[in-house]
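Enquirer: Quick one: structure below, then a few questions.
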Amino acid sequence: MKDTISIGILGLGVVGSGTVAVLEKNRSAIEKKVGARLVIRRIAVRDLRKKRAVTVDRSLLTNNPLDVLDDPSIDIICELIGGVSPAREFILRAFANGKHVVTANKELIAKEGHAIMEEAARRKLDFQFEGSVGGGIPIIQPMKNALAGNAVQEVMGIVNGTTNYILTRMTCEGIDFETALREAQARGYAEADPSSDVEGFDAQYKIAILSSIAFLSRVFVQDVYVEGITHITRRDIECAR
């Protein structure tokens, strides 16, 4: 095993900043568990001048993703930019350069995950995506490993925190959808563009991923029925009671 594991990060937004913060805060504990020193080698960002939510050495930043992907000293790439393209192309380039990849990109996994996993297996590289469903809650690895001998009958759960917050506020406080959404955005629970959450796409991606793993099949995104919550009114909430 190597004495030092070098990490390259693509994206330093909300998820990227959180990842860097966790790596720095829990560095000692992680290093003890893996038996190697962790080093963040390079971080690719879109805007070098943007103020960040986490303090990083400015010399680590680059606005050219290839500086990260093609760096021979980097062992693991953390893809945290979101979306399908160019994330897919970046991951495949990382594989071509012999690098393992970790991602929290639910849309990419739901739409292109099967092909990407096949490529990782062909090259005998690790491709991990636990963070794509449930954030810090371990669900994918337990389903793939700990529950491997069980026949899963059903997958149920609240998989989107934003809509859960909005519906809870509408139910408990009697406020309308728009007010609850503005609250969620003010608290940082919802993005400035909340469409992926409130239209149901975020949950759709997660259900496609979980169903594929749970039922050992390939569930396509378009096979998952999705309905948003934007049309729900206070009257609907009252009737549901």
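Nothing in this text is a laboratory measurement; each read-out follows from the coordinates by a stated rule. Everything numeric here is computed off the predicted structure, so don't read it as measured data. Don't worry about glycine lacking a Cβ; one is built from the backbone with ideal geometry, like all the others, and counts go over all protein chains shown.
Enquirer: Amide H neighbours of residue 9 under 5 Å, at least 5 residues apart or on other chains, H built in the peptide plane: list them.
Expert: Amide H neighbours of residue 9: 42, 43, 44, 78.
Enquirer: Springs between alpha-carbon pairs under 10 angstrom, Gaussian network model over the chain: which of 114, 231, 100 fluctuates most?
Expert: 231
Enquirer: Considering only C-alpha atoms, what is the centroid distance from the stretch 83-131 to the stretch 179-203, in Å?
Expert: 27 Å
Enquirer: Putting +1 on Lys and Arg Cβ atoms and -1 on Asp and Glu Cβ atoms, find which of 81, 53, 215 reaches farthest to the positive end of the dipole of the chain.
Expert: So the residue furthest toward the plus end is 53.
Enquirer: Turning to a different aspect of this structure: Between residue 39 and residue 222, with labels modelled 7 Å along Cα→Cβ, what's the label distance in nm to one decimal, could you check?
Expert: Label-label distance for residue 39 and residue 222, simple model: 4.7 nm.
Enquirer: Enter the mean projected area of the convex hull around the alpha-carbon atoms of the chain, in nm², rounded to one decimal. Walk me through the numbers before you get to the answer.
Expert: On the way: hull surface 60.6 nm².
Taking a quarter of the hull surface, the average projection is 15.2 nm².
Enquirer: How big is the equivalent ellipsoid of the stretch 171-241 along its three axes, where each semi-axis is √(5λ) from the Cα gyration tensor, reported in whole Å from largest to smallest?
Expert: The three semi-axes for the stretch 171-241 are 28, 16, 10 Å.
Enquirer: Looking at the chain as a GNM with Cα springs under 10 Å, which of 139, 175, 43 has the largest mean-square fluctuation?
Expert: 175
Enquirer: Scanning the chain for helices, which whole DSSP H stretches are 18 Å or more long along the axis (Cα) and average -1.0 or more by Kyte-Doolittle?
Expert: 106-122, 201-214
Enquirer: Okay, moving on. Please state the Cα pair-distance histogram of the stretch 111-193 with 5 angstrom bins from zero: what percent is in each bin?
Expert: 3, 12, 14, 15, 15, 12, 11, 10, 5, 2, 1
Enquirer: While we're on this one: Where does the chain land at 222 nm, in deg cm²/dmol rounded to the nearest 500, when only DSSP H runs of n ≥ 4 count, each adding -39500 (n - 2.57), divided by all residues? Please report the intermediate quantities before stating the final value.
Expert: Working: 10 runs with 100 residues, N = 241.
After summing the helix terms and dividing by residue count, I get -12000 deg cm²/dmol.
Enquirer: Let me ask something else about it. Straight-line reach from residue 106: which lysines have Cα under 16 Å away, leaving out those fewer than 8 places along the same chain?
Expert: Filter leaves 206.
Enquirer: Note the full-extension length gain between residue 62 and residue 24 as 0.36 nm times their separation in residues minus their Cα-Cα distance, in nm to one decimal. Walk me through the numbers on the way to the answer.
Expert: Numbers: separation 38, 0.36 × 38 = 13.68 nm, distance 1.96 nm.
Answer, rounded to one decimal: 11.7 nm.
Enquirer: Highest first, please rank the peptides 122-135, 142-155, 26-39, 201-214 by the mean number of other Cβ atoms sitting within 10 Å of their residues. Write down the numbers at each step before the final one.
Expert: Values: 122-135: 16.3, 142-155: 10.6, 26-39: 12.4, 201-214: 21.6.
My ranking of the peptides, most packed first, is 201-214, 122-135, 26-39, 142-155.
Enquirer: Which entries of 2/51; 32/111; 33/99 have Cα-Cα distances beyond 27 Å here?
Expert: Working: 2/51 34 Å; 32/111 36 Å; 33/99 21 Å.
The answer is 2/51; 32/111.
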